[in-house]
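Student: This structure is in structure tokens; I'll ask about it shortly.
The values are calculated or read from the model by the stated rules, or taken from the named source; none is laboratory data. Keep in mind that what you see is a predicted model, and the values were worked out from it rather than measured. Reconstructed Cβ throughout: ideal geometry from the backbone, glycine too, with neighbour counts over all protein chains shown. Only protein heavy atoms, including side chains, enter the accessible area calculation; ligands, DNA and RNA are left aside. Shrake-Rupley method; radii C 1.70, N 1.55, O 1.52, S 1.80 Å.
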Amino acid sequence: MYLNHPRYGNRPITTNTLVTIEEIEKGHWRYSNLKYFPNTVILADIKKQNYAIFPRTLYVDIEEQCETCSKAFIFFAQEQQYWYEVLGFWVDSHCTRCFECRKHTRYILTLRKRYDMLTSLANKTSSEKTQRKELANTLYCLGIIKNINKVKD
């Protein structure tokens, strides 16, 4: 069983697009080396992609393993289409973390930005000092801040 994605679920999403295995494996150079689900094809609009040499001519649900938690998840064809045609990611990039680990990474980044902003303030209010200390403690508990003295400041 695959990890759940809040938008796409945890099972391949079947489409009615009929293509051969050969067409799928020519759709992008990575597909021939991955476990993919042939009945999940979405045709790509290469005019909307950022690519250096070879565009992706189609997308297909693929199995990935999260580099953070090591659990299997699906990088959905619909998600790939969104990444490459809407967000403008390079077509040779791929998803290396599951949704939950990506969400956790964004959470930590948000905490760090807020902590850095509060740290850089010259004249902090008492509320800002309290927020900074709470953020420092949270980041220390998460293992992001290593120096306990930063929590005590």
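Student: Do you know which residues across the range 89-116 are without any contact (Cβ under 8 Å) to a residue 12 or more places away in the chain and not in a helix (DSSP H, G or I)?
Tutor: Of everything in the range 89-116, just one residue is without any contact (Cβ under 8 Å) to a residue 12 or more places away in the chain and not in a helix (DSSP H, G or I), namely 93.
Student: Considering 64, 134, which residue is under 17 Å from residue 3 (Cα atoms) and either open to solvent by 50 Å² or more (accessible area, probe 1.4 Å) or touching a strand residue (DSSP E or B) at 6+ places or on another chain (Cβ under 7 Å) (or both)? Quick ask: steps written out before the conclusion?
Tutor: Numbers: 134 fails: under 17 Å from residue 3 (Cα atoms).
Being under 17 Å from residue 3 (Cα atoms) and either open to solvent by 50 Å² or more (accessible area, probe 1.4 Å) or touching a strand residue (DSSP E or B) at 6+ places or on another chain (Cβ under 7 Å) (or both) holds for just one of 64, 134, which is 64.
Student: Scanning for something under 19 Å from the mean Cα position of the chain (by Cα) and of a type in the set (A, V, I, L, M), does the range 39-55 turn up at least one residue?
Tutor: No; the residues of the range 39-55 include none that is under 19 Å from the mean Cα position of the chain (by Cα) and of a type in the set (A, V, I, L, M).
Student: Oh, and also: Take the conditions in contact with a Ser or Thr (Cβ under 7 Å, 6 or more places away or on another chain) and among the β-branched types (Val, Ile, Thr) and apply them to residue 108. Does it pass?
Tutor: Values: in contact with a Ser or Thr (Cβ under 7 Å, 6 or more places away or on another chain): no; among the β-branched types (Val, Ile, Thr): yes.
Here the answer is no, as residue 108 does not meet what is asked.
Student: What are the pairs with Cβ atoms under 8 angstrom where one residue, in the range 122-142, is touching a residue at least 12 places away in the same chain (Cβ under 8 Å) and among the charged types (D, E, K, R) and the other, located anywhere, is surrounded by 13 or more Cβ atoms within 10 Å (Cβ to Cβ) and in a loop (DSSP other than H, G, I, E, B)? Sequence gap at least six, or different chains.
Tutor: Pairs found: 132/124.
Student: Now, a different point. Return the residue satisfying two criteria in turn: it lies in the range 128-153 and is assigned to a helix (DSSP H, G or I) and polar (S, T, N, Q), and of such residues it is farthest from residue 110 (Cα to Cα).
Tutor: Looking at residues that are assigned to a helix (DSSP H, G or I) and polar (S, T, N, Q), I get 149.
Student: Which of the residues that make up the range 42-71 are part of a loop (DSSP other than H, G, I, E, B), under 21 Å from residue 12 (Cβ atoms) and among the hydroxyl-bearing types (Ser, Thr, Tyr)? Talk me through it step by step, then tell me what you get.
Tutor: Residues of the range 42-71 that are part of a loop (DSSP other than H, G, I, E, B), as a first pass: 44-45, 49, 51-57, 60-61, 66-71.
Filter once more, keeping what is under 21 Å from residue 12 (Cβ atoms): 44, 56-57, 60-61, 66, 69-71.
57, 70 - these are the residues of the range 42-71 that are part of a loop (DSSP other than H, G, I, E, B), under 21 Å from residue 12 (Cβ atoms) and among the hydroxyl-bearing types (Ser, Thr, Tyr).
Student: Would the range 74-88 turn up any residue that is surrounded by fewer than 18 Cβ atoms within 10 Å (Cβ to Cβ) and not in a helix (DSSP H, G or I)? Before you say what the answer is, go through the steps one by one.
Tutor: Taking the range 74-88 as the starting set, the residues that turn out to be surrounded by fewer than 18 Cβ atoms within 10 Å (Cβ to Cβ) are 78, 82, 86-88.
Checking the rest, the ones that are also not in a helix (DSSP H, G or I) come to 87-88.
Yes, there is a match, as at least one residue in the range 74-88 is surrounded by fewer than 18 Cβ atoms within 10 Å (Cβ to Cβ) and not in a helix (DSSP H, G or I).
Student: Follow-up. Restricting the search to the range 8-31, which residues are open to solvent by 60 Å² or more (accessible area, probe 1.4 Å), farther than 11 Å from residue 57 by Cα and either part of a helix (DSSP H, G or I) or small (Gly, Ala, Ser) (or both)? Outline the logic, then answer.
Tutor: Our first condition is that a residue be open to solvent by 60 Å² or more (accessible area, probe 1.4 Å); within the range 8-31, this holds for 11, 14, 16, 18, 20-23, 25-26, 29.
This time we only want the ones that are farther than 11 Å from residue 57 by Cα, so: 11, 14, 16, 18, 20-22.
Answer for the range 8-31, where residues must be open to solvent by 60 Å² or more (accessible area, probe 1.4 Å), farther than 11 Å from residue 57 by Cα and either part of a helix (DSSP H, G or I) or small (Gly, Ala, Ser) (or both): 21, 22.
Student: Follow-up question, since we're still on this one. Just to be sure I understand the filter: pairs with C-beta atoms under 6 Å, separated by 6 or more residues or on different chains, first member in the range 30-48 and among the small types (Gly, Ala, Ser), second member open to solvent by 50 Å² or more (accessible area, probe 1.4 Å). Which pairs pass?
Tutor: Sorted first by the residue in the range 30-48, then by its partner, the pairs are 32/25; 44/57.
Student: Now for a different question. In the list 77, 122, which residue meets the criterion of being under 16 Å from residue 9 (Cα atoms) and of a type in the set (Gly, Ala, Ser)?
Tutor: On inspection, the qualifying residue turns out to be 77.
Student: Yes or no: the range 120-127 includes at least one residue that is crowded, with 17+ Cβ neighbours inside 10 Å and either of a type in the set (Phe, Trp, Tyr) or assigned to a helix (DSSP H, G or I) (or both). Please lay out each step first, then the result.
Tutor: At the first step, the residues of the range 120-127 found to be crowded, with 17+ Cβ neighbours inside 10 Å are none.
The answer is no, given that none of the residues of the range 120-127 is crowded, with 17+ Cβ neighbours inside 10 Å and either of a type in the set (Phe, Trp, Tyr) or assigned to a helix (DSSP H, G or I) (or both).
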